[in-house]
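Student: This is the structure, below, for whatever I ask next.
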Amino acid sequence: MKPVTHPLADLAASSKRFGARLLTTGENRLELFMVEMQEERERLLHAIVLALSVALFAFLGGIALTIALVVLLWTLSPVGVLLALTAIYGAASLFLYRRFASLQRDWKSFPATLDQLRKDRACFDEILA
């Protein structure tokens, strides 16, 4: 003989299981978010250090090149040499600015977390429908 179960008891048990699964899923997503946050912070710090290093050495190289060219070509046309170097440096800065803008446009933060949250939403929509 089977024990008689009440519909409210079944509903309460199902609600508890659903709540436990929901909390577990939320905890997993929060852990994933924290891992990705750490990765983003480390990647950003690394990018900043590299960018500053590149900028420093490019600046020093540019100063040395500028001085060498001005000294070398001073007898021909001092103003012409300075204008040519200004044009070259301006073109280089414009090129680098466009690369930087492209990098910012294509930057994606927390892609795995967002993807997993979309999958969770689709799964819950499927369960609740």
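Only the coordinates and a few stated rules stand behind these numbers; no lab work does. Just so it is clear, the model here is predicted, and its values are computed rather than measured. No Cβ is skipped: glycine too gets one built from the backbone with ideal geometry, and neighbour counts run over all protein chains shown.
Student: Between PHE33 and TRP74, what is 0.36 nm times their sequence separation minus the Cα-Cα distance? Round to one decimal in nm.
Tutor: Once the chain is fully extended between PHE33 and TRP74, it gains 8.9 nm.
Student: Work from the charge dipole of the range 8-128 (Cβ charges, +1 for Lys and Arg, -1 for Asp and Glu, about the Cα centre) and give the residue of ILE48, LEU117, LEU11 farthest towards its positive end.
Tutor: The one lying farthest along the dipole's positive direction is ILE48.
Student: A further question follows. If the only charges are +1 at each Lys and Arg Cβ and -1 at each Asp and Glu Cβ, what is the size of the charge dipole of the chain around the Cα centre, to the nearest 20 debye?
Tutor: For the chain, the charge dipole is close to 160 debye.
Student: Which one of ALA13, ALA68, ALA112 has the biggest mean-square fluctuation once the chain is modelled by GNM with Cα springs under 10 Å?
Tutor: Result for the chain, Cα springs under 10 Å: ALA13 fluctuates most.
Student: Between ASP120 and SER53, how many nm apart are label points set 7 Å from Cα along the C-beta direction?
Tutor: 3.7 nm
Student: What is the fewest-to-most order of LYS16, LYS108 by other Cβ atoms lying within 10 Å of their Cβ?
Tutor: The most exposed by this proxy come first: LYS108, LYS16.
Student: If you average 1/r across every pair of different Cα atoms in the chain and take the reciprocal, what Kirkwood value do you get, in Å?
Tutor: Value: 21.0 Å, from the Cα pair sum.
Student: Sticking with this one: Hey, fewest Cβ within 10 Å first, where do LEU60, LEU114 land in order?
Tutor: Ranking LEU60, LEU114 by Cβ neighbours within 10 Å, fewest first, gives LEU60, LEU114.
Student: Quick one: helix 7-73 against the long Cα principal axis of the chain, what's the angle to the nearest 10°, folded into 0 to 90?
Tutor: That helix lies at roughly 0 degrees to the long axis.
Student: Return the whole-Å distance between the Cα centroid of the range 23-64 and the Cα centroid of the range 103-125.
Tutor: 19 Å
Student: Something else: Mind checking which of LEU30, LEU65, LEU11 has the largest fluctuation in a GNM of the chain, springs on alpha carbons under 10 Å?
Tutor: LEU11
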